[in-house]
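Written below as structure tokens is the structure these notes are about.
The values are calculated or read from the model by the stated rules, or taken from the named source; none is laboratory data. Given the structure is predicted, the values throughout are model-derived calculations rather than measurements. Positions of Cβ are generated from backbone atoms using ideal geometry, with glycine treated the same way; all protein chains shown enter the neighbour counts.
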Amino acid sequence: MDEYKTKRINEQYTVMFWTVLCISLGLLIAGLLVEENDSKRLLITLGSGFFIGIGISKLFKKDIGYKPTREEIEERMFGNKKDNEVEHKN
């Protein structure tokens, strides 16, 4: 189960990384296209903040957003399924 959990967490991080990267690039490009000083400064600041956020999230990898599957919850509550099936057959 640990391999499956690690795989799911890595998939979630990949999706979050690409989402935030696209948002930050969009904000930076919009900041370059806008002519008003206040709006331009705000968009560039937000885009830079997302880039910094990406860097920080790469440093601290946690189980953020991990939700156990039904099988994992049942295994924690009732023990290993294979052991229970063997007991019922006997």
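For residue 43, state whether it is of a type outside the set (D, E, K, R), touching a helix residue (DSSP H, G or I) at 6+ places or on another chain (Cβ under 6 Å), at pLDDT 75 or above and in a helix (DSSP H, G or I).
Numbers: of a type outside the set (D, E, K, R): yes; touching a helix residue (DSSP H, G or I) at 6+ places or on another chain (Cβ under 6 Å): yes; at pLDDT 75 or above: yes; in a helix (DSSP H, G or I): yes.
Yes.
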Self-check item: Subset of the range 59-90 (residues that are in a helix (DSSP H, G or I) and either at pLDDT 75 or above or small (Gly, Ala, Ser) (or both))
Solution: 59, 70, 71, 72, 73, 74, 75, 76, 77, 78
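Tell me which residues, restricted to the range 1-51, are among the β-branched types (Val, Ile, Thr) and within 30 Å of residue 79 (Cβ to Cβ). Give the derivation first.
Looking only at the range 1-51, we keep the residues that are among the β-branched types (Val, Ile, Thr), and these are 6, 9, 14-15, 19-20, 23, 29, 34, 44-45.
If the condition is that a residue be among the β-branched types (Val, Ile, Thr) and within 30 Å of residue 79 (Cβ to Cβ), then 6, 9 are the ones that fit.
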Self-check item: Residues satisfying the stated conditions in the range 19-51, i.e. closer than 21 Å to residue 9 by Cα and without any contact (Cβ under 8 Å) to a residue 12 or more places away in the chain
Solution: 19, 22
Quiz prompt | Residues that are surrounded by 14 or more Cβ atoms within 10 Å (Cβ to Cβ) and among the charged types (D, E, K, R), drawn from the range 1-43 | solution = 5, 8, 40
